[in-house]
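Working notes, beginning with the structure itself.
The values are calculated or read from the model by the stated rules, or taken from the named source; none is laboratory data. Keep in mind it's a predicted model, so treat the numbers as computed, not measured. Glycine also receives a Cβ, built like all others from the backbone with ideal geometry; neighbour counts cover every protein chain displayed.
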Amino acid sequence: MNGDCVLGLRGLTKRFGTMTAVEDVSFEVRSGRVVGLLGRNGAGKTTSLRMLLGLTRATAGTATVFGHPYQDLPRAAHRVGVSMDGINPLPGTTARRELRVWARALGLPSSRADEVLGQVGLDDRADRRVKGYSTGMKQRLALATALLPDPELLVLDEPANGLDPDGIRWLRTTLRSLASEGRTVLVSSHLLAEIEQTVDDVVVVQRTLRYAGSLDELTSGGTRALEDRFFELVGSPTVRENTGA
Ligand SMILES: Nc1ncnc2c1ncn2[C@@H]1O[C@H](COP(=O)(O)OP(=O)(O)OP(=O)(O)O)[C@@H](O)[C@H]1O
């Protein structure tokens, strides 16, 4: 992995009461890379991203973004674009109005809202109420919001969920083109075949860290399927039932 360290997680742990959701997870993300964060339902992906972004406090360990804890990062909202559940549009708003509010809050011209609407393919539906949007349209709006500040780093929690094939292809091309400009992307997903076509590096979590490194190394230069390697790292469903692991 080349480039400067953009994200650093060291011994990150989160316990909810007696349940440990994330245990002693450490990895780095280097600039200009697209990194896939993979794991089963409940593996701790969202919790890790929330700790990274200061949305939930770690029980132990540290997470830094451009060398700082996120809450101390200067101009964080300009440098980091985030798409994550829980960041909901204002009630009754349209996509254009929503993005213009965000643009104003970031000190950007309202024309920037129109630019990102075009970028995510929502320009012809921008004046409709978000309440009536399909899942995929809401996902495109969330991506538009993340792209608004033209960030150096994108943190995207399952951005492909609900996208149609055009949307998925658009997302892949967009993420690759952002990386080619030297930007960095951390993207969580369950869509292993899609991730295989998109990312440079892979992080696999299943409460603990199972792998952090290049996709190429994980798949032995593309001779092994990511899906097979994934199940070797986290255990197949059958093995889990038999061993209780
Ligand atoms: N606020 C919370 N209180 C209690 N438990 C929580 C809380 N948030 C998450 N958890 C638990 O922590 C574990 C990890 O959840 P998390 O959402 O991080 O998983 P995930 O890998 O993102 O899953 P998915 O792929 O289903 O989105 C789960 O068992 C979940 O139920």
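Got at least one residue in the stretch 141-156 being out of contact with any helix residue (DSSP H, G or I) (no Cβ under 7 Å at 6 or more places or on another chain), farther than 22 Å from Val35 by Cβ and not small (Gly, Ala, Ser)?
no
Being among the hydroxyl-bearing types (Ser, Thr, Tyr), in a helix (DSSP H, G or I), closer than 30 Å to Ala58 by Cβ and at pLDDT 90 or above: is that true of Thr173 here? Step through it out loud before you land on a result.
Working: among the hydroxyl-bearing types (Ser, Thr, Tyr): yes; in a helix (DSSP H, G or I): yes; closer than 30 Å to Ala58 by Cβ: no; at pLDDT 90 or above: yes.
No.
Taking into account only those residues within the stretch 212-228 that are surrounded by 19 or more Cβ atoms within 10 Å (Cβ to Cβ) and without any contact (Cβ under 8 Å) to a residue 60 or more places away in the chain, which is nearest to Thr174 (Cα to Cα)?
Leu226
I'd like to verify a number: residues in the stretch 186-209 that are without any contact (Cβ under 8 Å) to a residue 60 or more places away in the chain and either within 16 Å of the ligand (Cβ to nearest atom) or not in a helix (DSSP H, G or I) (or both), how many?
2
Can you tell me which of Val34, Val25 is within 24 Å of Ala160 (Cβ to Cβ) and away from the ligand (no atom under 15 Å from the Cβ)?
Working: Val25 fails: away from the ligand (no atom under 15 Å from the Cβ).
Among Val34, Val25, only Val34 is within 24 Å of Ala160 (Cβ to Cβ) and away from the ligand (no atom under 15 Å from the Cβ).
In the stretch 10-47, what residues are assigned to a strand (DSSP E or B), under 23 Å from Val199 (Cβ atoms) and hydrophobic (A, V, I, L, M, F, W, C)?
Leu12, Val22, Val25, Phe27, Val29, Val34, Val35, Leu37, Leu38
May I ask you to list the residues in the stretch 44-64 that are more than 11 Å from the ligand (Cβ to nearest atom) and either more than 14 Å from the chain's Cα centre (by Cα) or hydroxyl-bearing (Ser, Thr, Tyr) (or both)?
Taking the stretch 44-64 first, the residues more than 11 Å from the ligand (Cβ to nearest atom) are 52-54, 57-64.
Passing the criteria: Gly54, Arg57, Ala58, Thr59, Ala60, Gly61, Thr62, Ala63, Thr64.
Here are some residues: Ala212, Ala193. Which one is hydrophobic (A, V, I, L, M, F, W, C), within 20 Å of the chain's Cα centre (by Cα) and within 22 Å of Gly8 (Cβ to Cβ)?
Ala212
Read through the list (1) near the ligand (Cβ under 9 Å from one of its atoms); (2) modelled with pLDDT of 95 or more, then give the number of the only condition that Asn41 fails.
The number of the failed condition is (2).
Filter the stretch 176-185 down to the residues that are outside any helix (DSSP H, G or I) and either surrounded by fewer than 22 Cβ atoms within 10 Å (Cβ to Cβ) or in contact with an Asp or Glu (Cβ under 8 Å, 6 or more places away or on another chain) (or both) and list them by number.
Listed by number, the residues that qualify are Glu181, Gly182, Arg183, Thr184.
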